[in-house]
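Chemist: This is the structure, below, for whatever I ask next.
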Amino acid sequence: MKALCVFGEHGYGNPGRGEGYEHANFLPALRTLGYEPTLFESFDRRPYRDYRDMNRAFLGTVERVQPDVILCVLMGYELWTETLDSVRKRIAAPIVNWGTDDSWKYSQFTRFIAPHVDCYATTYADVVAKAPRAGLGNVVLTQWAANDAALVPPAPASECRYPVSFVGTAYGNRRRWVHQLKRKGIAVECFGHGWPRGPVAAGDIPRIIRESVISLNFGDSGIQFSGLRPYRSRQIKARVFEVPGAGGFLLTENSPELARYYRPGAEVVAFDSVDDLAAKIRYFLVHGEERDRIARAGHQRTRIEHTYVQRFARLFDEARRMKAGARAENEHFVFSEAEFSGIAARHTRGAGLRALAALLAWPAILIWGRERGLRAARRMLFELCWRFAGETTYSAAGLPGRAFYL
């Protein structure tokens with residue numbers, strides 16, 4: 001069987017960030033399930049001249065590979081809704097999109113993209129509840145998981161190299177958590193983009209986790225917005241499963257959904273404040289046997305229930321069931337140049353749009369520099385477009401993709 005994977009080889013498409021999460025964790029699971037994966041690079045935009053070129057390349061790849069399943073991790077408008085529809089109606093393989101950060105992306109992304117894939121997988125139970133009210137019957141609940149290839153029994157605390165560690169990018173409230181712990185006399189060894197140690201290779205992450213007495217996870221993504229309303233989002237992220245899977249002891253920020261997957265206090269340990277976190281770090285650093293017992297229980301639960309092989313086996317079965325209700329025109333996909341030319345004709349960048357892009361970009365560049373300024377300008381346009389243009393934002397005619405190719 002063949003799987004066409006639409007995401008990136010590197011984190012956020014940047015080789016400087018090392019191997020991307022999906023590349024390191026999804027591909028091995030697909031191979032274990034008997035799929036031959038082909039990667040279509042969608043995070044790194046450099047191989048393509050513009051979004052027109054990217055969408056044409058994707059359609060050509062579908063025709064060449066003739067996949068049995070298409071697994072996407074779409075981040076925005078990189079694949080147009082018309083492109084997804086063109087493939088869906090003319091191939092038997094289901095298109096599955098793995099949604100990220102739906103706690104805040106549902107209103108601006110998920111509800112517009114889900115109608116154009118066969119199965120939209122979300123890690124948020126409340127999104128599954130919202131979807132039917134928006135007429136979406138193809139949204140299913142899944143969750144992040146552990147890499148089967150990285151499952152290793154825990155080492156005892158007495159053999160660990162790092163007392164307390166954190167692996168992850170330095171963004172949101174993570175710097176604040178680490179700084180507050182430092183002020184309380186607790187040093188955290190931090191690994192990842194934005195920390196002094198810098199990025200860490202994906203293959204080294206399980207080793208660091210297993211060699212740590214305590215591995216921290218921060219689920220608070222900081223202030224997010226639903227429309228114009230700000231709120232704080234406490235999320236379950238991949239590290240919740242990776243740490244016990246790799247043989248680590250997980251001390252994680254509490255989340256309403258945590259108890260769905262682990263027994264807090266018995267398989268993992270949760271904290272609610274910096275004082276609570278500091279007290280629990282001190283406790284488990286001197287109670288090694290209790291720490292070891294919880295680490296073993298968490299690892300066993302992960303091995304039995306929370307691996308990507310298990311996740312994708314169930315997800316693809318559900319996607320095929322959904323696809324069976326909508327007959328495709330053909331078993332095999334054939335690229336239609338005439339159809340694509342008609343779609344791509346709406347992806348133009350005339351003088352007026354160039355002027356708008358410059359008007360947004362130059363003040364932002366003066367404030368933040370070229371790279372950050374262009375991203376800020378694109379973000380401003382995107383925030384306006386999804387609110388007022390809705391689904392069109394993700395089509396060939398969408399203004400952000402036409403104005404800025406980043």
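Chemist: I'd like the residue in segment 104-116 that is buried (at least 21 other Cβ atoms within 10 Å of the Cβ) and among the hydroxyl-bearing types (Ser, Thr, Tyr) and, out of all such residues, is farthest from Val87 (Cα to Cα).
Modeler: Tyr106
Chemist: Any idea which of (1) assigned to a helix (DSSP H, G or I); (2) more than 27 Å from Tyr12 (Cα to Cα); (3) open to solvent by 60 Å² or more (accessible area, probe 1.4 Å) is the one Ala295 doesn't satisfy?
Modeler: Unmet for Ala295, out of (1) assigned to a helix (DSSP H, G or I); (2) more than 27 Å from Tyr12 (Cα to Cα); (3) open to solvent by 60 Å² or more (accessible area, probe 1.4 Å): (3).
Chemist: I've got another one for you. When you scan segment 9-19, how many residues do you find that are on the phi < 0 side of the Ramachandran plot and in contact (Cβ under 8 Å) with a residue 60 or more places away in the chain?
Modeler: Let us first name the residues in segment 9-19 that are on the phi < 0 side of the Ramachandran plot, namely 9-11, 14-17, 19.
Restricting the remaining residues to those that are in contact (Cβ under 8 Å) with a residue 60 or more places away in the chain gives 11, 16-17, 19.
Number of matching residues: 4.
Chemist: To continue, here is another question. Confirm whether Arg346 is within 25 Å of the chain's Cα centre (by Cα) and under 24 Å from Phe109 (Cβ atoms). Spell out the reasoning first.
Modeler: Numbers: within 25 Å of the chain's Cα centre (by Cα): no; under 24 Å from Phe109 (Cβ atoms): yes.
Spelling it out, it is not the case that Arg346 is within 25 Å of the chain's Cα centre (by Cα) and under 24 Å from Phe109 (Cβ atoms).
Chemist: Another question, if that's okay. Is there a residue in segment 299-314 that is open to solvent by 50 Å² or more (accessible area, probe 1.4 Å) and not in a helix (DSSP H, G or I)?
Modeler: Taking every residue of segment 299-314 in turn, none turns out to be open to solvent by 50 Å² or more (accessible area, probe 1.4 Å) and not in a helix (DSSP H, G or I).
Chemist: Can you tell me which residue among Val139, Val117, Val127, Val164 is under 30 Å from Glu337 (Cβ atoms), modelled with pLDDT of 95 or more and of a type in the set (Val, Ile, Thr)?
Modeler: Details: Val139 fails: under 30 Å from Glu337 (Cβ atoms); Val127 fails: under 30 Å from Glu337 (Cβ atoms); Val164 fails: under 30 Å from Glu337 (Cβ atoms).
The unique qualifying residue is Val117.
Chemist: Taking the residues in segment 238-275 that are touching a Pro at 6+ places or on another chain (Cβ under 7 Å) and outside any loop (DSSP other than H, G, I, E, B) as candidates, determine which candidate is surrounded by the fewest Cβ atoms within 10 Å (Cβ to Cβ).
Modeler: Step by step, filter segment 238-275, then rank; the result is Leu258.
Chemist: While we're here: Test Glu290 against the stated conditions and say whether it is among the acidic types (Asp, Glu), surrounded by 14 or more Cβ atoms within 10 Å (Cβ to Cβ), out of contact with any Asp or Glu (no Cβ under 6 Å at 6 or more places or on another chain) and free of Cβ contacts under 8 Å to residues at least 40 places away in the same chain.
Modeler: On the way: among the acidic types (Asp, Glu): yes; surrounded by 14 or more Cβ atoms within 10 Å (Cβ to Cβ): yes; out of contact with any Asp or Glu (no Cβ under 6 Å at 6 or more places or on another chain): yes; free of Cβ contacts under 8 Å to residues at least 40 places away in the same chain: yes.
The answer is yes for Glu290.
Chemist: Oh, and also: Just give me the residues in segment 28-47 being free of Cβ contacts under 8 Å to residues at least 12 places away in the same chain and open to solvent by less than 30 Å² (accessible area, probe 1.4 Å), in sequence order.
Modeler: None - no residue of segment 28-47 is free of Cβ contacts under 8 Å to residues at least 12 places away in the same chain and open to solvent by less than 30 Å² (accessible area, probe 1.4 Å), so the list stays empty.
Chemist: Residues that are basic (Lys, Arg) and modelled with pLDDT of 95 or more: find the helices (runs of 4 or more DSSP H) completely inside segment 334-406 holding 3 or more of those. Talk me through it step by step, then tell me what you get.
Modeler: Working: elements: 337-344, 351-368, 370-388, 399-403.
So the answer is 370-388.
Chemist: Which of the residues belonging to segment 58-75 are within 16 Å of Tyr405 (Cα to Cα) and open to solvent by 10 Å² or more (accessible area, probe 1.4 Å)? Spell out the reasoning first.
Modeler: As a first pass, look at segment 58-75 and keep what is within 16 Å of Tyr405 (Cα to Cα): 74-75.
Once the filter is applied, which keeps residues that are within 16 Å of Tyr405 (Cα to Cα) and open to solvent by 10 Å² or more (accessible area, probe 1.4 Å), segment 58-75 yields only Met75.
Chemist: Is segment 79-99 home to any residue that is at pLDDT 95 or above, surrounded by fewer than 18 Cβ atoms within 10 Å (Cβ to Cβ) and either polar (S, T, N, Q) or within 14 Å of the chain's Cα centre (by Cα) (or both)?
Modeler: Looking through segment 79-99, none of the residues is at pLDDT 95 or above, surrounded by fewer than 18 Cβ atoms within 10 Å (Cβ to Cβ) and either polar (S, T, N, Q) or within 14 Å of the chain's Cα centre (by Cα) (or both).
Chemist: For Glu331, indicate whether it is modelled with pLDDT under 95, at negative phi, surrounded by fewer than 11 Cβ atoms within 10 Å (Cβ to Cβ) and not in a helix (DSSP H, G or I). Full working, then the answer.
Modeler: Working: modelled with pLDDT under 95: yes; at negative phi: yes; surrounded by fewer than 11 Cβ atoms within 10 Å (Cβ to Cβ): yes; not in a helix (DSSP H, G or I): yes.
Considered against the rule, which asks whether it is modelled with pLDDT under 95, at negative phi, surrounded by fewer than 11 Cβ atoms within 10 Å (Cβ to Cβ) and not in a helix (DSSP H, G or I), Glu331 comes out as yes.
Chemist: A further question follows. Hey, among Ala187, Ala170, Ala155, Ala145, which residue is in contact with a strand residue (DSSP E or B) (Cβ under 9 Å, 6 or more places away or on another chain), modelled with pLDDT of 95 or more, at negative phi and open to solvent by less than 20 Å² (accessible area, probe 1.4 Å)? Show your work before the answer.
Modeler: On the way: Ala187 fails: open to solvent by less than 20 Å² (accessible area, probe 1.4 Å); Ala170 fails: modelled with pLDDT of 95 or more; Ala155 fails: in contact with a strand residue (DSSP E or B) (Cβ under 9 Å, 6 or more places away or on another chain).
Criteria check complete, one pass: Ala145.
Chemist: Kindly indicate the residue of segment 196-225 that is over 15 Å from Arg239 (Cβ atoms) and part of a loop (DSSP other than H, G, I, E, B) and also modelled with the highest pLDDT among those meeting that condition.
Modeler: This residue is Glu211.
The values are calculated or read from the model by the stated rules, or taken from the named source; none is laboratory data. Since we're looking at a predicted model, the values are computed, not measured. Don't worry about glycine lacking a Cβ; one is built from the backbone with ideal geometry, like all the others, and counts go over all protein chains shown. In case anyone asks, the SASA skips ligands and DNA or RNA and just uses the protein heavy atoms, side chains included. Shrake-Rupley method; radii C 1.70, N 1.55, O 1.52, S 1.80 Å.
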